[in-house]
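First the structure, then my questions, so here it is.
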Amino acid sequence: MSLVDHPGRQHVHIDHAAILRQIHAEVAPLVGQGKVAAYIPRLADVPANRFGMAVATLDGRLFEVGDAAEPFSIQSISKVFSLTLALEALGPDLWKRVGREPSGSAFNSLVQLESEKGIPRNPLINAGAHVVADVVLSSNRNAREHLLAFVRERADNPGVIMDAEVAGSERDTGFRNAALANFVRSFGNLDNPVEQVLDFYFHQCALQMSCADLARAFVYLANRGRCQRSGKSVISAGLAKRINALMLTCGTYDAAGEFAFRVGFPAKSGVGGGIVAIVPNVLTVAVWSPALDDKGNSLAGAAALERFAALTGLSIF
Ligand code: DON
């Protein structure tokens, strides 16, 4: 049983362990429904029948169910970590190079880039993440090591790795990302060579983390930019608020409206089947189940988060 005390709300008693057990049982029939991402060949090998979920509360506790300790490919969830580093490096100037509007299009769509002159709609679609990756590359001598160290510290797990096989598998088949990055570069919105930007981007997407790692790693966004363990500032409260806003409006791509309607948390998904959600001032919750719906979000994972919002009453709306 936990006592949650947060501004603007009553003290709420939530039995997270019982809620996670209930959700695990309820979504069991959905696990495996949908399709495991196969356009990155290495991801196609992941068994569809996995389900894990973890909750990290701001008072430092962790609750887990199912395969919550099994590392998986976090893919686009990594865009939030690199965005944090890019905002830290460039500040508001980042917004000259990438927008803040939901795209209403698939995460790898090329269509808006031409009319919008190489300024991607937001940092969480692929083209926007390439611009963010470019900023992280320009501001660090070893961007990959810098990102890995940041993520390990956030997750409090020095064992987090980038899976070279997943990154290589995506590089070998990443024609769409190559097209996007080259197009952005043609408008002068990448400073580094396209190959370097994509190499960094594919490696960030290849971070392997468990639900428990992810729940811990996102706590700074629920905690007004502060690390829960040390109390130190990771990013300003204002930037944490804005990253959460971007996750709410853009974090699940063209399903972001539906996701806000059904679930009501800022969240970020990845084609590895992970989704992380933030309840500001209260907790983070991470879920993983590899089979995806037709928008590229975990089918059972989204259903689990919908139930979590309903059972806890913690939707931000
Ligand atoms: O660039 C890609 O296509 C993948 N590395 C990441 C896409 C992704 O995770 C989109 N998420 N739903």
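Largest first, please: the extent of the C-alpha atoms of region 1-160 along each principal axis, to the nearest Å.
That gives 50, 39, 33 Å along the principal axes, largest extent first.
Shifting gears a bit: Packing-wise, with mean Cβ within 10 Å as the measure, how do 132-144, 172-184 rank, highest first?
With the highest mean Cβ count within 10 Å placed first, the list reads 132-144, 172-184.
Round to the nearest 10 and give me the degree value, 0 to 90, for the angle of helix 237-250's Cα axis relative to the longest principal axis of the chain.
In the chain, helix 237-250 runs at an angle near 80 degrees to the longest axis.
On to the next question. Express the carbon and sulfur contribution to the solvent-accessible surface of region 3-312 as a percent, rounded to the nearest whole number, probe 1.4 angstrom.
With neighbouring chains kept in place, the figure for region 3-312 is 51 percent.
Follow-up. Summing Lys, Arg as +1 and Asp, Glu as -1, what charge do residues with Cβ under 12 Å from the Cβ of D156 carry, D156 excluded?
+2
For the chain, what's the relative contact order in percent, using C-alpha pairs closer than 8 Å and at least 6 residues apart? Each step should come with its number before you reach the end.
On the way: 671 pairs, mean separation 85.0, N = 317.
27 percent.
Picking from Q196, A300, L221, whose Cα lies most toward the positive end of the charge dipole for region 3-312 (charges on Cβ: Lys, Arg +1; Asp, Glu -1)?
Toward the positive end, the furthest listed residue is L221.
Here's a follow-up. Return P(r) of the chain (all Cα-Cα pairs; 10 Å bins starting at 0; whole %; ordered from short to long distances).
Spelled out per bin, shortest first, that is 6, 30, 38, 21, 5, 0.
Classify region 93-219 as rounded, prolate or oblate, taking a ≥ b ≥ c as the square roots of the eigenvalues of its Cα gyration tensor: rounded when a/c is under 1.5, otherwise prolate if a/b is larger than b/c and oblate if not.
Judged from the Cα gyration tensor, region 93-219 comes out prolate (a/c at least 1.5, a/b above b/c).
Quick check on region 134-190: take the gyration tensor over C-alpha atoms, sort the square-rooted eigenvalues as a ≥ b ≥ c, and tell me if it's rounded (a/c under 1.5), prolate or oblate.
oblate
Suppose only helical runs count, i.e. DSSP H with n ≥ 4. What mean residue ellipticity at 222 nm does that imply for the chain under -39500 (n - 2.57) per run, divided by all residues and rounded to the nearest 500 deg cm²/dmol?
Value at 222 nm, helices only, nearest 500: -13000 deg cm²/dmol.
So what is the orientation-averaged projected area of region 169-304, using the convex hull of its C-alpha atoms, in nm²?
So the mean shadow area of the Cα hull is 9.5 nm².
Please report, in debye to the nearest 20, how large the charge dipole of the chain is about its Cα centre when each Lys and Arg carries +1 at its beta carbon and each Asp and Glu carries -1 there.
Result for the chain is approximately 720 debye, rounded to the nearest 20.
If I histogram all Cα-Cα distances within region 237-310 using bins 10 Å wide from 0, what percent of pairs lands in each bin?
The distribution over region 237-310 is 22, 58, 19, 1, given as percents.
May I ask you to give the solvent-accessible area per residue for the chain, in square angstrom, as obtained with a 1.4 angstrom probe?
With all protein chains present, the chain gives 40 Å² per residue.
Tally Lys/Arg at +1 and Asp/Glu at -1 over every other residue whose Cβ is under 10 Å from the Cβ of N126; what's the total?
That works out to +2.
Still on this structure, please answer the following. Please give the length that would be gained between K96 and A38 if that part of the chain were fully extended, namely 0.36 nm times their separation in residues minus their C-alpha to C-alpha distance (nm, one decimal).
Details: separation 58, 0.36 × 58 = 20.88 nm, distance 3.45 nm.
Here the segment from K96 to A38 would lengthen by 17.4 nm.
Let me ask you something else. With +1 on the Cβ of every Lys and Arg and -1 on the Cβ of every Asp and Glu, and nothing else charged, how large is the dipole of region 108-228 about its Cα centre, in debye rounded to the nearest 20?
Charge dipole, region 108-228, about its Cα centre: 440 debye, nearest 20.
The values are calculated or read from the model by the stated rules, or taken from the named source; none is laboratory data. Given the structure is predicted, the values throughout are model-derived calculations rather than measurements. Heads up, the Cβs are rebuilt from the backbone with ideal geometry, glycines too, and the neighbour counts pull from every protein chain shown. Just the protein is used for accessible areas: all its heavy atoms, side chains included, with ligands, DNA and RNA removed. Shrake-Rupley method; radii C 1.70, N 1.55, O 1.52, S 1.80 Å.
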